[in-house]
Every structure is written in structure tokens, then in C-alpha cells.
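The values are calculated or read from the model by the stated rules, or taken from the named source; none is laboratory data. Remember, it's a predicted structure, so these values are computed and weren't measured experimentally. Here the Cβ positions follow ideal geometry from the backbone for every residue, glycine too, while neighbour counts run over all protein chains shown. Surface areas here come from the heavy atoms of the whole protein model, side chains and all, with no ligands, DNA or RNA. Shrake-Rupley method; radii C 1.70, N 1.55, O 1.52, S 1.80 Å.
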Amino acid sequence: MIGIIGGSGLNRIAELVTPRRVVMATPYGEPSAALTVGSLHGVEVVFLARHGDGHTIAPHRINYRANIWALHAQGVREVIAVTTVGGIREGLDPGALVAPDQIIDYTHGRESTFFDGVAQPLQHIDFTRPFHGPMRSRLLQAGAAAGEVLRDGGVYGATQGPRLETAAEIERMARDGADVVGMTGMPEAALAREIGIDYAMLCVVVNAAAGRGSNIEGVAMAEITAVAEAAMRRVAIILGGVAQRYGR
Ligand code: HPA
């Protein structure tokens with residue numbers, strides 16, 4: 001089954017047919033919200049709002065382990081994760097869409113593994129290529145079919161938040177090679193790999209990162225919300241295309 005994790009601006013998928021809510025308990029506590037199981041272009045999908053139904057859970061407070069565990073327990077073996085990001089690389093302006101192929105993790109203090117030696121014996125996973133190739137391909141195909149310019153590849157830098165970055169932090173991230181910056185890609189992607197879920201990410205650029213582009217003096221929060229809301233209609237069409245390509 002396909003799972004979709006929705007970020008800021010994507011708390012539900014209106015196109016889901018016969019949606020039903022499934023409340024899950026996990027060994028790691030409660031997921032961000034009930035799962036919504038429904039049909040998208042005839043394919044069964046499971047949706048989860050990463051920040052909760054009312055968008056109240058901050059990035060560093062999200063129970064990533066419970067979220068990924070619950071999706072897996074529901075039968076999900078592929079996840080498309082939608083995230084909103086700031087654009088670092090030139091040309092990644094608000095409204096741009098990116099399917100990243102790499103991650104740099106700047107987060108700290110998050111529960112970031114199932115293999116903590118308590119519930120599960122220690123195991124080291126390979127994470128050279130953090131995103132699943134065939135799923136990225138389906139995502140890119142769905143983007144093209146929707147007539148979107150969906151950038152193929154890029155480095156997602158995951159910051160701790162919830163504050164945005166300083167201009168110097170973004171400069172450093174640019175030197176590190178980060179193209180976009182968000183707060184929720186890690187540990188989510190790594191936990192998916194640990195539990196055996198194929199994972200790809202669709203990033204929506206909602207602002208120029210701190211100190212870049214029109215945001216030299218600061219980032220306007222109102223703009224972020226407006227861009228995110230407008231973009232999610234396009235995202236929903238792409239997600240429909242991914243569902244149509246499921247199993248191919
Ligand atoms: N920084 C970090 N996370 C974000 C941003 C940003 O500029 N925009 C959206 N999520």
C-alpha cells in the first residue's frame with residue numbers, strides 16, 4: 001500500500017474516495033493523527049498529517065517513530081512524503097517543486113531510530129541513497145504528466161526548528177551543498193529505511209531561505225502560508241499520478 005505523509009498545507013487529501021479513519025496505537029506512543037485510508041484513482045492509499053489534524057505539532061515534537069511504525073503496521077510499504085521547504089539554491093523560488101536525491105541531517109535530540117538496543121537489537125542500515133530510486137522515478141513521471149517542472153534531484157538539509165535559520169546558517173548549508181531547507185525530513189526518511197518502507201520526497205518551495213532572494217532582511221510568514229496553500233492543489237494532482245503508477 002502507498003502511504004502519503006502530508007506536511008504544512010496538506011492536512012488532508014480531498015480526492016480520497018470512501019475515506020475511513022483508523023486510530024492506531026504504537027509501541028512508541030501516538031502518531032500525529034489518525035490514519036485516513038481511502039482510494040485514489042482506484043489504488044488504496046493511507047494518508048497521515050505529519051503535524052496533526054490541526055497543524056499543532058512542531059517539527060521537533062513530531063513522533064516520527066510512531067508515525068512510521070503506524071503506517072507500516074497498516075500495510076504501507078511505499079511512502080511519498082510531502083514537505084514544505086525554503087529555497088537555498090538559485091532558481092528554487094516559491095512555488096518550485098523538487099524531488100531531492102540526498103539529505104544532510106542538522107537535527108538533534110530527536111528519537112531517530114528503531115534500533116536503540118532496547119525494543120530492537122542494534123542494526124546499522126545503509127543510507128547512501130536515502131530516497132528510493134524507482135519511487136522517485138514514478139514521482140518525476142507523475143510530475144511531468146501533470147505538466148509541472150519538478151526538479152530531479154537536490155540536497156535536502158533538515159534543520160531542527162521550529163525557528164527559521166540565520167542568514168549565516170543558510171550560507172553554511174549552501175557551502176555544504178544543500179539546495180533546500182526543511183525541518184521534518186529527518187529522522188522520518190531514516191526510520192522508513194529502518195522499517196523497510198521505500199520512501200521518496202516531494203518538496204514544495206514556499207519561501208526563499210533566510211538571507212536569500214527577496215528575504216535578505218527576513219522571511220515573511222504570511223507569504224509562506226499562501227504559497228503552501230496554492231501549491232497543494234498542484235501537489236494533489238501529482239500524488240494522484242503517483243497512485244496511478246503504483247505497481248508499475
Ligand atoms: N527553513 C526551514 N524549514 C522551512 C523553511 C525554511 O526557510 N520553509 C519551509 N520550511
*Express the accessible area of the range 2-246 per residue in Å², computed with a 1.4 Å probe while the remaining protein chains stay in the model.*
43
*asked:* Suppose only helical runs count, i.e. DSSP H with n ≥ 4. What mean residue ellipticity at 222 nm does that imply for the chain under -39500 (n - 2.57) per run, divided by all residues and rounded to the nearest 500 deg cm²/dmol?
replied: -9000 deg cm²/dmol
*Using Cα pairs closer than 8 Å and at least 6 residues apart in sequence, work out the relative contact order for the range 25-182, in percent.*
26
*Quick one: net charge around GLY182, please, counting Lys, Arg +1 and Asp, Glu -1 for every other residue with C-beta under 12 Å from its C-beta.*
-3
*With point charges of +1 on the Cβ of Lys and Arg and -1 on the Cβ of Asp and Glu, referenced to the Cα centre of the range 2-246, which listed residue (ILE224, GLY91, ILE104) lies farthest in the positive direction of the dipole?*
ILE224
*Highest mean first, what order results for 139-146, 201-208 on Cβ atoms within 10 Å?*
201-208, 139-146
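Can you tell me the dipole magnitude for the chain around its Cα centre, using point charges on the Cβ only (Lys, Arg +1; Asp, Glu -1), in Debye to the nearest 20?
Roughly 520 debye, rounded to the nearest 20.
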*Would you mind pulling out the separation of the Cα centroids of the range 182-248 and the range 61-125, in Å?*
12
_Whole-Å semi-axes of the ellipsoid equivalent to the range 74-228 (Cα gyration tensor, √5λ, descending)_ = 27, 20, 13
*Sum up the charges of everything whose Cβ sits under 14 Å from the Cβ of ALA34, counting Lys and Arg as +1 and Asp and Glu as -1, but leave ALA34 out.*
+2
*Hydropathy first: keep DSSP H helices in the chain averaging at least -0.5 on Kyte-Doolittle, then drop any whose Cα extent along the axis falls short of 15 Å, and list what survives.*
133-145, 185-195, 221-244
_Please give me the summed charge of the neighbours of ARG20: other residues whose Cβ is under 14 Å from its Cβ, Lys and Arg +1, Asp and Glu -1._
+1
*Given charges at Cβ of Lys, Arg, Asp, Glu: the chain dipole, positive-most of SER214, VAL37, ASN11*: VAL37
*Share of carbon and sulfur in the accessible heavy-atom surface of the range 72-229 [1.4 Å probe, %]*: 51
